[in-house]
Amino acid sequence: MCGIVGAIAGRNISAILLEGLKRLEYRGYDSAGMAVLNGETGQLDCLKRVGKVAQLEAALAGSPLPGHLGIAHTRWATHGKAEQRNAHPHLSAERIAVVHNGIIENYTALKEELSADGYEFLSDTDTEVVTHLIHREVMAGKGLKEALQISLTRLDGAYALAVIDQQQPDLLLATRMGSPLVIGVGVEENFIASDPLALLQVTDRFIYLEEGDLAVISCTEVNIENAAGDIVQREAQRFEHGHDAADKGEYRHYMLKEIYEQPQVIRNVLEGRIHHGHVLEQVFGSDASAVFDQVKAVQIVACGTSYNAGVVARYWIEKLVGIPCMVEVASEFRYRKTVCMPGTLFITLSQSGETADTLSALREAKEQDYVAFLSICNVAGSSLVRESDLAIMTNAGPEIGVASTKAFTSQLVVLMLTTLVLGRRYGLEGEADFVAQLEQLAGLTEQVLTLDSQIQKMAEHFVDKHHALFLGRGTIYPVAVEGALKLKEISYIHAEAYPAGELKHGPLALVDEDMPVVAVAPNNSLLEKLQANLEEVRARGGKLFLFADSKAQVKPGDDLELITLPDVPTVMAPIIYSIPLQLLAYYVAVLKGTDVDQPRNLAKSVTVE
């Protein structure tokens, strides 16, 4: 959730660290700080501020931190309130400085032990115990690397750590266990970050550290040891996206930019993966065909928006393929006794590939007899991808807005490709027709985006509301869930989604003139039943906001606001109908004046439980 940046170079690195924090601010943003080894005085200087990175930037303008070695951090609180004393970096005796992502689960016992040894704790964080552990070892005569290695043996939990020592100005140490960390490779300078986006202003070559790796970094060398203590070579990979991928461009917010990127993202997902009406199985991995031949059931595990995409896929797989598909929230899956059906393919979905609960679920699932593990992800070098047997990228490009948009639609497109390759083994007819429908999606998405002004106007009805109800049926029900999630995430309006058939089983009691009801009604076999549900709402004085195609034969009125979408092939409707709900949430949030890209209490990449 938080963001790490570090640098060692022959030039002043303060501005590089600051720019890196700005680019990581979408991950965490209640405080920020920087520690730099001053090349003139030899002192370890540290500056921290509560709030956004702009607060730290303003402080640096008055108190600059020049130097050639430094680490920086932007924080999303897990231990301790958003106070300056809890901001990273944390120092021990003005010598050791540490920044940390993750959670040290046994920090209370370590804190008691270190306090008994005379260490004073200035924060409420779990991170400070790491700083003092390392300091204790260097004071006992250990070198910095050995001190870190010994300290790591004492830690229970997840972490990505960057460490510098005031008395070793030529070294930057980095290690990870359960939280992402990359090394940016430069020319006689090197960098670290929790996300490559932080470093695109200085390099496009990255080494992705693996679980348990420890890197000793100087200006000219990167030496890595794995969890077993063996020296290993990790090849640098060139970052795939352009340097402007993290810029808003002409858009007011990243979220709006990412909504409007979806036509091209859909084209990117399909590029090189379909040929003459046929999905190319090799794009899932060299062993994909042999794996898919064995699949008799599917288990999907994900969190948040990715979970909603997985629920759509359950409808597709069971209808088109005809095999069982289970979908579960990762944080529930990993903490209960599960049963693996013979022949089950285990699929994980994650935008970042570093979602803590999803990663843990994957690792625990490996103790069972699944056919194979397939990752659907947006980050090629992520932990989820590296630890899966098969992987396919969503090719969505960097998604900065906390509220996921293009990641959702790109995951759905990939899940449809997955459905088709499984379906051909179970007699699915018309694969070429489905592929043709996929090829229409980008154009249909562009048509939906022309409804922007109508959706803006609809959003005005929600500004003074405190609650909203979303309805859908069949494959559109999880789309309604995703629409409600978007609205609550960025506008702070309490929103819930229900299958429309459940109205009479409780939610109908909430319907009145102050409860807007959003319904999603593509022309499918459930349309007539949904229309009957809508009449139940109107009869109770509810105000309906309906997204439907021209065949729905619904007329607007005083109690019904209608936006007509282009006609969409039934099976592809979840992909198209998610987009107006994204726009609705966006414009409601803009009208309410909330922080659209960085909603309160949330972070982009949930790398802790």
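At-a-glance table
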| item | result |
| --- | --- |
| Rounded D (µm²/s) - region 207-324, Kirkwood Rh over Cα pairs, Stokes-Einstein at 25 °C, 0.890 mPa s | 127 µm²/s |
| Efficiency of FRET from Cβ geometry, ALA380 and ARG424, R₀ 22 Å, rounded to 0.05 | 0.25 |
| For region 84-92, 3J(HN,Hα) per residue [Karplus equation, 6.51 cos²θ - 1.76 cosθ + 1.60, θ = phi - 60°, Hz, x = Gly/Pro] | 4, 5, 8, 5, 8, x, 10, 10, 10 |
| Average Cα contact separation per residue, the chain, under 8 Å, 6 or more apart, as relative contact order % | 12 percent |
| Antiparallel %, DSSP beta bridges [both residues in the chain], to 5 | 60 percent |
| Sequence-distant residues sharing a close amide H with GLU105 (under 5 Å, placed H) | ASP156, GLY157, ALA158 |
| Calculated SAXS-style log₁₀ I(q)/I(0) at q = 0.13, 0.19, 0.20, 0.21 Å⁻¹ - region 126-242, Debye, Cα scatterers | -0.49, -1.02, -1.12, -1.22 |
| Kirkwood Rh and Cα Rg combined as Rg over Rh, evaluated for region 3-238 | 0.93 |
| Separation in nanometres of the label points that stand 7 Å from Cα toward Cβ, at LEU122 and HIS275 | 6.1 nm |
| Mean shadow area of region 150-192 over all directions, Cα convex hull, nm² | 3.7 nm² |
| For region 561-570, 3J(HN,Hα) per residue [Karplus equation, 6.51 cos²θ - 1.76 cosθ + 1.60, θ = phi - 60°, Hz, x = Gly/Pro] | 9, 10, 10, 8, 9, x, 5, 10, x, 3 |
| Ranked packing of 138-148, 312-322, 571-581, most packed first, by mean Cβ within 10 Å | 571-581, 312-322, 138-148 |
| More than 17 angstrom apart: percent of Cα pairs within region 312-378 | 42 percent |
| Peptide ranges 159-172, 395-408 listed from the most packed, as the mean C-beta count within 10 angstrom indicates | 395-408, 159-172 |
| Computed label-point distance, nm, for sites ALA436 and LYS248 using a 7 Å Cα→Cβ extension | 4.3 nm |
| Exposure proxy order (Cβ contacts within 10 Å, fewest to most) of THR175, THR564, THR450, THR355 | THR450, THR564, THR175, THR355 |
| Euclidean distance of C-alpha centroids, region 40-77 and region 409-437, integer Å | 51 Å |
| Residue-wise HN-Hα coupling along region 172-183, computed from phi with Karplus coefficients 6.51, -1.76, 1.60 (Hz; x: Gly, Pro) | 10, 10, 9, 8, 9, 7, x, 9, x, 7, 10, 10 |
| Acute angle (nearest 10 degrees) that the helix 431-449 long axis makes with the longest principal axis of the chain, alpha-carbon atoms | 80 degrees |
| Spin-label zone in region 449-477 - amide nitrogen under 15 Å from a point set 7 Å from the Cα of GLU536 along the C-beta vector | 469-474 |
| Rel. contact order, % - alpha carbon contacts under 8 angstrom, at least six apart, region 377-536 | 17 percent |
| Angle between the chain longest axis and helix 304-316 axis [Cα atoms, degrees, rounded to 10] | 40 degrees |
| Cα coordinate range in region 434-496, projected on the principal axes (Å, largest first) | 42, 28, 17 |
| Å³ per residue enclosed by the Cα convex hull of region 106-153 | 68 Å³ |
| D_trans [Stokes-Einstein, Kirkwood Rh over alpha-carbon pairs] for the chain, 4 °C, 1.567 mPa s, µm² s⁻¹ | 51 µm²/s |
| Sequence-distant residues sharing a close amide H with GLY474 (under 5 Å, placed H) | none |
| Protection proxy ranking of 251-260, 288-297, 492-501, 125-134 - average other beta-carbon atoms within 10 Å, highest first | 125-134, 251-260, 492-501, 288-297 |
| Extent along principal axes [Cα atoms of region 354-486; Å; largest to smallest] | 51, 38, 29 |
| Cα-based helix-to-principal-axis angle, 53-62 vs the chain, degrees rounded to 10 | 30 degrees |
| R0 of 22 Å, Cβ-Cβ distance VAL463-GLU496: FRET efficiency to nearest 0.05 | 0.70 |
| Computed [θ] at 222 nm, deg cm²/dmol, the chain (DSSP H ≥ 4; -39,500 (n - 2.57); rounded to nearest 500) | -10000 deg cm²/dmol |
| Reference-scaled alpha-carbon Rg (2.2 N^0.38 Å with N residues) for region 80-133 | 1.03 |
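Read-outs throughout are calculated quantities, based only on the coordinates presented, and are distinct from any laboratory measurement. Remember, it's a predicted structure, so these values are computed and weren't measured experimentally. Every residue, glycine as well, gets a Cβ built from its backbone with ideal geometry; the counts of neighbours run over all protein chains shown.
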